[in-house]
Number of protein chains: 2
Amino acid sequence: MVIRQISILGVGLLGGSIGLAAKSALSDVEIVGYGHRKSTLERGIEVGAIDRAVMGVTEAVEGADLVILCTPVGIFERLIGEMRGGLKAGAVVSDVGSTKRSVVKVAEERLAAGVHFVGSHPMAGSEKRGVEFARADLFAGATCILTPTGRTDAGAIGAVEGFWKSLGMRCTRLSPEEHDRLLAEVSHLPHAVAAALVSLQSEGALSLAGKGFLDATRIAGGDGGLWRDILMDNKDNVLASIGVLKERLGELEKLLKGTEREELAKWLDGAAARRAKLVELKLREINPD
Amino acid sequence: MVIRQISILGVGLLGGSIGLAAKSALSDVEIVGYGHRKSTLERGIEVGAIDRAVMGVTEAVEGADLVILCTPVGIFERLIGEMRGGLKAGAVVSDVGSTKRSVVKVAEERLAAGVHFVGSHPMAGSEKRGVEFARADLFAGATCILTPTGRTDAGAIGAVEGFWKSLGMRCTRLSPEEHDRLLAEVSHLPHAVAAALVSLQSEGALSLAGKGFLDATRIAGGDGGLWRDILMDNKDNVLASIGVLKERLGELEKLLKGTEREELAKWLDGAAARRAKLVELKLREINPD
């Protein structure tokens, strides 16, 4: 697939960064930006993230080879409904959502035959918001999870994978169900826990916070509406993960109340060793040799 | 108090950094290092953190104007018992422990009259261990909490405060009880939770970990034995904090199961706003103007 026009629905940090990155990686591509705030779209043009701003969804996707949903996930269903009339035959639609079951289901049910949807989750970002923080190199070296199903067009999968790779991403594939289950553990639960850790602090404690606390809670700085959408959309898995966390906290309570001092050290060392292994894995990803 | 000899009991990251920092900040000071591993003490001399290595506690504190306990907190009681015979009249003893009630109690009960103890908690460090990671600037700009009691000698408080200030620290005072209660919230609980978050991940989830997860769990990389001592020593407060966290997780479960989408966004935004306030506070500490 030759990409001549990319329509980005939602020109924030991610959407804007896709625009900048695509313009730097691809030649002869026009980036069309849709959003509900005119000022945001104007800023998107100013920073060079989009070439043309459109305030209607149908109009924004007209002529697009690739459409990417970049709004909070709670708005995806509405956008998919509204874009139906504008998409040309053969158009490929993808997204950047942190949950995948719902968007894949809606897209497969509602997009016309001859239009192809491939779910994507580029795992890059920041707790910052807005197109003014967009960066052409946001995706370089990061992982993108694609979530094709048995109904997904093979050519479209290749096209979307090729697109993310051209932005410097490593691509991997998971089913939408597996994606949502694993992301609840490694991303959604940690976010919720970081928020809980910040909110339970008494004022006196917070003023003593050091670098450890700031790092541990950095992810809690994200936008509430955006994360509300993610947690709500993945609520069964998030609730299950909260349940597992409570079990682990129960283990810890038992160890603290008991007298098996070595068992508690082992429990803590086990976590430290697991994290050390993870850091090693990540370093190998960055520098394979 | 003029400090001519500082005895550091436990020459690891913190003890070694105190040695380096003191030698760079003070003139004519001898740093004596005690430890139970000869190789560690030799490395301490090599990197310039200590001037002289001693393998006995009593001998190590002989002649010291200032003695600083820098081992894991679980060993403090034994060291205090062993140092009694070696301390000269007027010697000041302090520590770097992350819990304060137990060390203050033991020191006040067991040190001879005429020897002064002032509890300290310099809030600097790293998940790294060992004197090879010691840095002269580890304490610069960080906060040190002193925990004097009604029985603490005023001159000794001034001397210990002056010492930490000469290493570039800001000093603040709390009672040992208040210290342990607040640190459970802002440090010990976050550590335990980070360990729980790492250990509950399935293999597939861990391989998808991004920067957010790595930051959120960085503190879980610390040494298990050292953190076991801290959590055990502060177990009443840590257990209370785990209880509060479970309440917050219960709130979240209720919000996720309910339909009040705005309430969940508010809960998350409240945490984000609180963290933003904290970051602002920390930036003001670094750059007061």
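The values are calculated or read from the model by the stated rules, or taken from the named source; none is laboratory data. Not measured: the values here are computed from a predicted model. Every residue, glycine as well, gets a Cβ built from its backbone with ideal geometry; the counts of neighbours run over all protein chains shown. Heavy atoms of the whole protein, side chains included, go into the accessibility calculation; ligands, DNA and RNA do not. Shrake-Rupley method; radii C 1.70, N 1.55, O 1.52, S 1.80 Å.
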*Quick one: putting +1 on the C-beta of Lys and Arg, -1 on the C-beta of Asp and Glu, what dipole do you get for the range A:121-274 around its Cα centre, in Debye to the nearest 20?*
200
*asked:* Can you tell me the convex hull volume per residue for the range A:137-289, based on C-alpha atoms, in Å³ to the nearest whole number?
replied: 181
*Of all DSSP beta bridges located in the protein assembly as shown, what percent are antiparallel, nearest 5?*
10
_Longest to shortest principal axis, alpha-carbon extents of the protein assembly as shown, angstrom_ = 90, 44, 44
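Given an 8 Å cut-off on Cα distances and at least 6 residues of separation, report the relative contact order of chain B as a percent. Walk me through the numbers on the way to the answer.
Working: 468 pairs, mean separation 45.8, N = 289.
Across chain B, relative contact order equals 16 percent.
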*Might you work out the accessible area of residue B:11 for me, using a 1.4 Å probe with all protein chains in place, and round it to the nearest 10 Å²?*
10
*Gaussian network model of chain B, Cα springs within a sub-10 Å range: biggest mean-square fluctuation belongs to which of B:81, B:150, B:225?*
B:150
_If you average the alpha carbon positions of the range A:168-221 and of the range B:216-250, how far apart do those two centres end up, in angstrom?_
17
*Quick one: among B:52, B:261, B:84, which has the greatest mean-square fluctuation in a GNM of chain B with alpha-carbon springs under 10 angstrom?*
B:261
*Which whole number of Å³ per residue matches the convex hull of the alpha-carbon atoms in the range B:204-253?*
110
*Dividing the alpha-carbon Rg of chain B by 2.2 N^0.38 Å yields what?*
1.11
*Nearest 0.05, what FRET efficiency do residue A:58 and residue B:251 give at R0 = 56 Å with Cβ-Cβ as r?*
0.85
*For residue A:144, enumerate residues with amide H under 5 Å from its amide H, sequence gap 5+ or separate chain, H modeled in the peptide plane.*
A:123, A:170, A:171, A:172
*Using a simple spin-label model with points 7 Å from Cα along the Cα→Cβ vector, what separation in nm is obtained for residue B:24 and residue A:113?*
7.3
*Span from the the range B:87-112 Cα centroid across to the the range B:37-62 one, whole angstrom*: 21
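Would you mind counting up the charge near residue B:63? Only other residues with Cβ under 13 Å from its Cβ, with Lys and Arg at +1 and Asp and Glu at -1. Present the calculation step by step, with values, prior to reporting the outcome.
Details: positive: B:4, B:52, B:88; negative: B:30, B:51, B:59, B:62, B:65.
That sum, taken over residues with Cβ under 13 Å, equals -2.
How much FRET efficiency would the formula 1/(1 + (r/R0)^6) give for residue A:154 and residue A:283, where r is the Cβ-Cβ distance and R0 is 25 Å, rounded to 0.05?
Numbers: r = 34 Å, r/R0 = 1.36.
Efficiency for this residue pair is about 0.15.
Provide the gained length on full extension for the span residue B:276 to residue B:260, in nm with one decimal, where the gain is 0.36 nm per separating residue minus the Cα-Cα distance. Present the calculation step by step, with values, prior to reporting the outcome.
Values: separation 16, 0.36 × 16 = 5.76 nm, distance 2.47 nm.
Gain on stretching residue B:276 to residue B:260: 3.3 nm.
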*Just B:104, B:193, B:279 to compare: in a GNM of chain B, with alpha carbon springs under 10 Å, which one fluctuates most?*
B:279
*Once fully extended, how much extra length lies between residue A:170 and residue A:42, figured as 0.36 nm per residue of separation less the alpha-carbon to alpha-carbon distance?*
42.9 nm
*Pull up all non-local amide H partners of residue A:97: gap of 5 or more, or a different chain, and H-to-H distance under 5 Å with H placed in the peptide plane.*
A:120
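Roughly how crowded by other chains is peptide A:224-231, in terms of the mean Cβ count from those chains within 10 Å of each of its Cβ atoms? Before the final figure, lay out the partial values.
Working: counts 11, 7, 2, 7, 11, 3, 1, 7.
Across the residues of A:224-231, the mean count of other-chain Cβ atoms within 10 Å is 6.
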*Using Cα-only point scatterers and the Debye equation, what is log10 of I(q)/I(0) for the range B:172-225 at each q in 0.29 Å⁻¹, rounded to two decimals?*
-1.12
